[in-house]
């Protein structure tokens, strides 16, 4: 199985957090690099989506759609910068 | 909005008593990976069990085979609603690997090549319930299915059966692994539909 | 076009026709669609009678103010969503769509643009790039466009007729497995040298959009940097085998 990229998570982030992930910049907590999250590596699985750093492969975040709620974990990011659109 | 796509399969109910609630019988074997597939050479593969006394029990590939494999036919159940019935597995019973392990801790963190983790109570790994599997359906496990060795705990949802397993650490409490930190149930019993938190 | 909040819409299938043996062109009527820029995508959500839902992301082949949107969807064998969309979803049937999505891999003609635009597609990654070339076609003035389209064979080409009619984009198609009859050249894999020969040189500082399967995008993006292109000028969109 191969990864896609952060473009594939635009819908999930729009729905859950109301942000446009493809113009959001994040900094990887593991290696410190900053990049547009459109460029993050994303593994889409039936259990959830896993977003990884394209530089060091560390897990940046996880999105899991459950029965009643969607869990969004961005603990692998120091911060995200969301532009005003 | 309530649109139903009539021809879209989704989950089909089934009356097979071997299927836990909400599961669909599949014949293929879907692959689910949270990261790149690690290519682990058997020559540099090892498996360790580490206890609270910092004692590490270690097996390399040859030593693992010497522990003794057994054949198991079992059903597996993925939390994403598919089940595969009557799968033929071969692996080393976890009971044998824990024979000389002295621990007072009740929980285990399973660690894999590539960084995946999952947590289990020790009692779910013992008494003939779990194996370190090296073959499925008569063939060595392929990397995409967790080869060279994966955990096999078929009575729990299959995310507990960690692929590319490299070690276990004893824990005093049931700390969550990768999916368990991200919304999935701490134990994951398919018969009780323990899918999410 | 003003930014509008992303939401779920109801779309009805106006037409469906096979683009290739394994890809369907769907035209959806989405009355509440706010329009979309070229390169944007949407999510389609399917709901089974028992309530089970699955959604997937697809690039839009259409752009502009229209509430009719066009998708071309490649079937992934063994997939959960694409075989239903390609083989079963009927004219008149409704699906839920969310969008428009994406502001990174998009081309907006209103932007003042000095540098040329290079589009590089692998397989069905041509969909958002075709959308950009079509948007450029509607503008009387603007940047020079080139499209390099790597595809297995003539039978696998998307938009074959439309690409041939583009007047403002130079189109070059590379067949990687099987050439057109009488083409006079064997099929060839895209190489760094072939890429350099068929794209704007780095000296022109083109903006570059690359879309395709992950290995294709990674290879092409790597070559572009080796050829002297500024990584900041390269935008990529990968799709893979998410079934």
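Only the coordinates and a few stated rules stand behind these numbers; no lab work does. Please read all numbers here as calculations on a predicted model, not as lab measurements. Glycine gets a Cβ as well: all are built from the backbone with ideal geometry, and neighbour counts include every protein chain shown.
When the C-alpha atoms of chain C are aligned to their principal axes, what extent does each axis show, in angstrom, from largest down?
If we take the Cα atoms of chain C, the spans are 55, 41, 30 Å.
How big is the gap, in Å, between the Cα center of the range C:25-77 and the Cα center of the range C:153-172?
The distance from the Cα centre of the range C:25-77 to that of the range C:153-172 comes to 22 Å.
Distances longer than 14 Å among the Cα atoms of the range A:4-81: what percent of all pairs is that?
Taking all Cα-Cα pairs of the range A:4-81, the fraction more than 14 Å apart is 55 percent.
Hey, fewest Cβ within 10 Å first, where do B:82, B:164, B:45 land in order?
Ordered from fewest to most neighbouring Cβ atoms within 10 Å, B:82, B:164, B:45 come out as B:45, B:82, B:164.
Can you tell me the order of A:46-52, B:126-132 when each peptide is scored by its average per-residue count of other Cβ atoms within 10 angstrom, highest first?
Working: A:46-52: 22.6, B:126-132: 18.1.
Order by mean packing, descending: A:46-52, B:126-132.
Order of C:195, B:125 from fewest to most other C-beta atoms within 10 Å?
On the way: C:195 19, B:125 22.
Neighbour counts put them in this order, fewest first: C:195, B:125.
Suppose R0 equals 25 Å; then what is the FRET efficiency for residue B:53 and residue B:173 from their Cβ-Cβ distance, rounded to the nearest 0.05?
Efficiency computed from Cβ-Cβ geometry: 0.90.
Once you average over the residues of C:48-60, how many Cβ atoms of partner chains fall within 10 Å of each Cβ?
Average per residue, whole number: 5.
Report, in degrees rounded to the nearest 10, the 0 to 90 angle that the Cα long axis of helix C:126-137 makes with the longest principal axis of chain C.
80
Report the per residue volume, in Å³, of the convex hull enclosing the C-alpha atoms of the range C:117-239.
100
Helix C:214-226 versus the longest principal axis of chain C: what angle, 0 to 90°, nearest 10, using Cα atoms?
Once rounded, one gets 30 degrees.
Just report the Cα centroid separation between the range C:173-187 and the range C:93-134, whole Å.
The range C:173-187 and the range C:93-134 have Cα centres spaced 27 Å from each other.
If a paramagnetic tag sat 7 Å from the Cα of residue B:99 along the Cα-Cβ line, which residues of the range B:61-78 would have the backbone N under 13 Å from that point?
Answer for this model: B:64-70.
Which of C:211, A:39, A:31 has the fewest other C-beta atoms within 10 Å, and how do the rest follow up to the most?
Fewest-to-most ranking of C:211, A:39, A:31: A:31, A:39, C:211.
Is the C-alpha gyration tensor of the protein assembly as shown telling us rounded, prolate or oblate? Criteria: a/c under 1.5 is rounded; beyond that, a/b larger than b/c is prolate, otherwise oblate.
Values: a/c = 1.95, a/b = 1.71, b/c = 1.14.
Here the protein assembly as shown falls in the prolate category.
Assuming a ≥ b ≥ c are the square roots of the Cα gyration tensor eigenvalues, decide whether the range C:184-224 counts as rounded (a/c under 1.5), prolate (otherwise, with a/b larger than b/c) or oblate.
oblate
Can you tell me the order of B:167-179, C:144-156 when each peptide is scored by its average per-residue count of other Cβ atoms within 10 angstrom, highest first?
Top to bottom by mean Cβ count within 10 Å: C:144-156, B:167-179.
Hey, what did the range C:117-239 get for relative contact order, percent, Cα under 8 Å, at least 6 apart? Intermediate results must be reported in sequence, preceding the final value.
Values: 210 pairs, mean separation 35.3, N = 123.
This gives 29 percent for the range C:117-239.
Could you work out the relative contact order of the range B:52-105? I mean the mean sequence separation of Cα pairs under 8 Å and 6+ apart, divided by the number of residues, in percent.
35
Answer rounded, prolate or oblate for the range B:46-192, using the Cα gyration tensor with square roots of eigenvalues a ≥ b ≥ c: rounded when a/c is under 1.5, else prolate when a/b is larger than b/c, else oblate. Mind dumping the intermediate values first?
Numbers: a/c = 1.55, a/b = 1.07, b/c = 1.45.
Oblate.
For Cα pairs less than 8 Å apart in space and 6+ apart in sequence, what is the mean separation divided by the residue count of chain C, i.e. the relative contact order in percent?
Here the relative contact order equals 18 percent.
Please compute, for peptide C:7-17, the average count of beta-carbon atoms on other protein chains lying within 10 Å of each residue's beta-carbon.
Working: counts 2, 4, 1, 3, 1, 1, 0, 0, 0, 0, 0.
For peptide C:7-17, the averaged partner shielding equals 1.
For B:24-35, what's the mean count of beta carbons from other chains sitting within 10 Å of each residue's beta carbon? Before the final figure, lay out the partial values.
Working: counts 1, 0, 0, 0, 1, 0, 6, 4, 7, 6, 10, 9.
Going residue by residue through B:24-35 and averaging, the value is 4.
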